[in-house]
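Quick notes on the structure that follows.
The values are calculated or read from the model by the stated rules, or taken from the named source; none is laboratory data. Keep in mind that what you see is a predicted model, and the values were worked out from it rather than measured. In this analysis, Cβ positions are derived from the backbone assuming ideal geometry, glycine residues included, and neighbour counts consider all displayed protein chains. Heads up: the accessible areas ignore ligands, DNA and RNA and are worked out on the full protein's heavy atoms, side chains in. Shrake-Rupley method; radii C 1.70, N 1.55, O 1.52, S 1.80 Å.
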Amino acid sequence: MGADPVDDPTGLVRDAALLLDGGRVAWVGPESACADGVERAIGRAPDRVVGVAGRAVVPGFVDSHTHLVFAGDRSGEFEARMAGRPYAAGGIRTTVAATRAASDDDLRANLRRHVHEALAQGTTTIEVKSGYGLSVADEERSVRLAAEVTDEVTFLGAHVVPADSGSADAYVDLVVGDMLAACAPHARWVDVFCETGAFTAEQSRRVLEAGSRAGLGVRVHANQLGPGEGVRLAVDLGAAAVDHCTFLSDDDVAALAASWTAGSGSGEGQGTVATLLPGVEFSTRQPYPDARRLLDAGAVVALASDCNPGSSYTSSMPLMVALAVRETGTTVAEAIWAATAGGARALRRDDVGHLALGARADLVVLDAPSRTHLAYRPGVPLVHQVWKDGRPVA
Ligand code: NIG
Ligand code: FE
């Protein structure tokens, strides 16, 4: 592992060695202490030694927010936006029509292609949402297919009100009724798009409380297009994460920070992560969220790609790191932490997102002498090798 010029409170080890055993990290420390450490950890010499020749190693990225069950293409919408038309989430309905029309095999192939694309860029843990089906059968199919590729499946039946529905309230009745019943067995999480033009705070609360009663953890899309009540609702309900967080009031920031202090509703270590999705602002020409403000207030920040065919059609976590550093005010160490350990917190996982003893042996070997290059060399394919569960996979 290469030297890094920046002092780092998050656990950087220079000239390091790692012992991987049974898919977990069995020892980690400076290479000079390796022989003794490894002998103590497993009582024998390792079976195999792999040198990475001065390359930096980071934990596998944890992408806690994607929408990869979809069909179709919205490059026309992107082109129009770049010609001056503003982003409106109404484009979601274009993808809903294409997704409903696709066969299971086509949807599955598209999903797997994108998950592999993410893995090749270092994403070893990925969350996948439904939300382009918006009928009982199409949402059930979406979460079922997502569960074939990840344990982190999110039911987002309340993405927008579909064009063929009656009122928003009637659609929410369907979401919390038959749709949730069909989807909950395949999902770990429930999510809602709490935003003007999608669902109100009251409608969002109904969806999230029903999901919670069905045994799902809570996450929320909020404060993407303007200020709103979604962040406070998320904190109030003890959500694992609230995602976007572009337009925040001082009260929102204070509530996110306070969610991590002992005695808050969620309990210590179980607050609500502010997940920033700077690929959206990059692709929609919106103002970027302010990670610095959140971090300085004591909030916990994650980075995710939001990979979807509308607002952010990129699966690249290295790009998110580069954007966070350049556009949202994080240091390099903070951005890499947010894209790994932060994502793990947003999924309430402690086995991924870091490389301490006992962690899953999911890691990325960079074709670079330090992790700083992830931000320093934006757009350059720096992923040399990806390891998952102790094996090279890409
Ligand atoms: O996270 N905000 C709502 N949903 C997606 C956008 C999906 C789309 O445009 O298709 C998002 O940005
Ligand atoms: Fe999203």
In the chain the accessible area split gives carbon plus sulfur, as whole percent at 1.4 Å, a share of 51
Once normalised by the length of the chain, the mean sequence separation of its alpha carbon contacts under 8 Å that are 6 or more apart gives a contact order in percent of 20
Of 329, 122, 51, the most mobile residue in a GNM of the chain (C-alpha springs, cutoff 10 Å) is 51
Rounded to one decimal in nm, the spacing of the 7 Å Cα→Cβ label points at residue 167 and residue 196 is 2.2
Restricting to Cα pairs under 8 Å and 6 or more apart, the percent relative contact order of region 42-159 works out to 31
About its Cα centre, the chain carries a charge dipole, from +1 on Lys and Arg Cβ atoms and -1 on Asp and Glu Cβ atoms, whose size in debye to the nearest 20 is 580
Computed on Cα atoms, Rg of region 33-85 relative to 2.2 N^0.38 Å comes out at 2.37
With 0.36 nm assigned to each residue of separation and the Cα-Cα distance removed, residue 106 to residue 261 gains 51.2 nm
With the 1.4 Å probe rolled over protein heavy atoms, region 59-143 has an accessible area per residue in Å² of 37
Of all DSSP beta bridges with both partners in region 222-346, the antiparallel percent, nearest 5, is 10
In nm, the gap between the two label points placed 7 Å beyond Cα toward Cβ at residue 181 and residue 393 is 3.6
Taking a label point 7 Å from the Cα of residue 113 along Cα-to-Cβ, the residues of region 59-95 whose backbone nitrogen sits under 12 Å from it are 70-73
Ranked by GNM mean-square fluctuation in the chain (Cα springs under 10 Å), the top entry among 273, 28, 231 is 28
In region 39-147, taking the dipole from +1 charges on Lys and Arg beta carbons and -1 charges on Asp and Glu beta carbons about the Cα centre, the listed residue (82, 65, 53) farthest towards the positive end is 53
With a Förster distance of 22 angstrom and the Cβ-Cβ distance between residue 209 and residue 270, calculated FRET efficiency to the nearest 0.05 equals 0.75
Using alpha carbon centers only, region 319-394 is separated from region 51-104 by a whole-angstrom value of 20
Toy charge model, Lys and Arg Cβ at +1, Asp and Glu Cβ at -1: region 1-143 dipole around Cα centroid in debye, rounded to 20, equals 320
Percent antiparallel among DSSP beta bridges confined to the chain, rounded to 5, stands at 40
The relative contact order of region 168-217, taking Cα pairs under 8 Å that sit 6 or more residues apart, comes to a percentage of 48
